[in-house]
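**Q** Pasting in a structure now, in structure tokens, and then I'll have a few things to ask.
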Amino acid sequence: MTDFEIQAGWQSVLGRILADARRLGHRGVLAFDLDSTLLDNRPRQAALVQRYVRERGGAPALANFDVRHLHTGFDMREALVRQGLGTDEAQRFLADFRPYWREHFFTSEACTADVPVAGAVEYVRDAFASGAELAYVTARPEAMRKGTVDVLGRHGFPLPGERVQLWMKADASVSDEDFKRSTHRLLSSRGQVLAAFDNEPMHANDYRASFPEATVVLLATGHSGRERTLADGILAVPHFAVSATEG
């Protein structure tokens, strides 16, 4: 579902955001989503498939399920076929696997398998070094806080504390969209929102509507498909691997 064009010169735009952050210092605010934005959760997906097969049996071809078959975090059926399952077999496996996935995917234990998106650690550390306020705005449930902080720290991201917020969803009955929209006022209260980064078009569009003067960046790493159009002016990028001195 990486169906958005990567604009020419995207590296320079990311560099310019950092330059603006350095200029504004503590008055600037940058918001970052986690899953499929700063963190790649495909290893978590693959580990759960392997664990399910070990615990429940069935589909022996998946005992060593290769994370490289997951082109995004949202194409599990296609990945199972790439691993060697037939289409019908993949559908049957998913029907059995999904309840297990729902039980285990959104847990502190499972999320420690996540790894950074290319360049993300360096980019966020450069943003923090600028003096700006950072907010990790994620619809992960609060129950995942410990694992989330652990994986951020292990990979070298700035941790929640002075100038770094971690906002997570406390009420599972609230939709991801409503939760993220509810943080926009909090973001404004921290200072001038310079940029917001997310992989979901719907969230990116909401940021664009709330912060028309900010640079809104869509990480084209894959999305849920709930929204497939982008508002004008949103920049699609493949990752964060860009020199901090650009722009």
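**Q** In terms of modelled amide H atoms, which long-range or inter-chain residues lie less than 5 Å from the amide H of ALA236?
**A** HN-HN under 5 Å from ALA236: GLN7, LEU218.
**Q** Charges at C-beta only: +1 for Lys and Arg, -1 for Asp and Glu. How large is the resulting dipole of the stretch 50-91 about its Cα centre, in Debye rounded to 20?
**A** With Lys and Arg at +1 and Asp and Glu at -1, about 180 debye.
**Q** Count charges around ARG68 for me, please; just the other residues with Cβ under 11 Å from its Cβ, Lys/Arg as +1, Asp/Glu as -1.
**A** Local net charge: +1.
**Q** Continuing with the same structure: Given springs between every Cα pair under 10 Å in a Gaussian network model of the chain, which of GLN192, GLN91, GLN11 has the largest fluctuation?
**A** GLN91
**Q** Just grab the label-to-label distance for ALA231 and SER173, each label 7 Å out from Cα along the Cβ direction, in nm (one decimal).
**A** Placing both labels 7 Å along Cα→Cβ, they lie 2.9 nm apart.
**Q** Using a ≥ b ≥ c from the Cα gyration tensor of the stretch 196-247 (square roots of the eigenvalues), is it rounded, prolate or oblate, where a/c under 1.5 gives rounded and otherwise the larger of a/b and b/c decides, a/b for prolate?
**A** oblate
**Q** Over the stretch 42-111, what is the mean sequence separation of C-alpha contacts under 8 Å (at least six apart), divided by residue count, expressed as relative contact order in percent?
**A** In percent, rounded to a whole number, it is 34.
**Q** Give me the distance between the Cα centres of the stretch 75-97 and the stretch 19-59, rounded to whole Å.
**A** Cα centres, the stretch 75-97 to the stretch 19-59: 23 Å.
**Q** Would you mind computing, in nm to one decimal, how far apart the modelled labels at GLU5 and GLU78 are, each placed 7 Å from Cα along Cα→Cβ?
**A** 2.0 nm
**Q** Normalised by the empirical 2.2 N^0.38 Å for globular proteins, what value does the Cα Rg of the chain take?
**A** Cα Rg divided by the expected 2.2 N^0.38 Å: 1.03.
**Q** Moving on to the next point. Note down the relative contact order for the chain as a percent, whole number, built from C-alpha pairs under 8 angstrom at least six residues apart.
**A** Once normalised by length, the contact order is 32 percent.
**Q** Can you sort ARG54, ARG163 by how many other beta carbons sit within 10 Å, fewest first?
**A** So the ranking, lowest neighbour count to highest, is ARG54, ARG163.
**Q** Something else about it: Taking 25 Å as R0, compute the FRET efficiency from the Cβ-Cβ separation of GLU122 and ARG68 and round it to 0.05.
**A** 0.60
**Q** Among ASN64, ALA110, PHE93, whose Cα projects farthest towards the positive end of the dipole of the stretch 42-111, with charges put on the beta-carbon of Lys, Arg (+1) and Asp, Glu (-1)?
**A** Most positive-ward Cα: ALA110.
No lab work stands behind these numbers, since they all come straight from the coordinates. Bear in mind that the values here come from a model prediction, so they are computed numbers and not experimental data. Note that we place each Cβ from the backbone using ideal geometry, even for glycine, and neighbour counts take in every protein chain shown.
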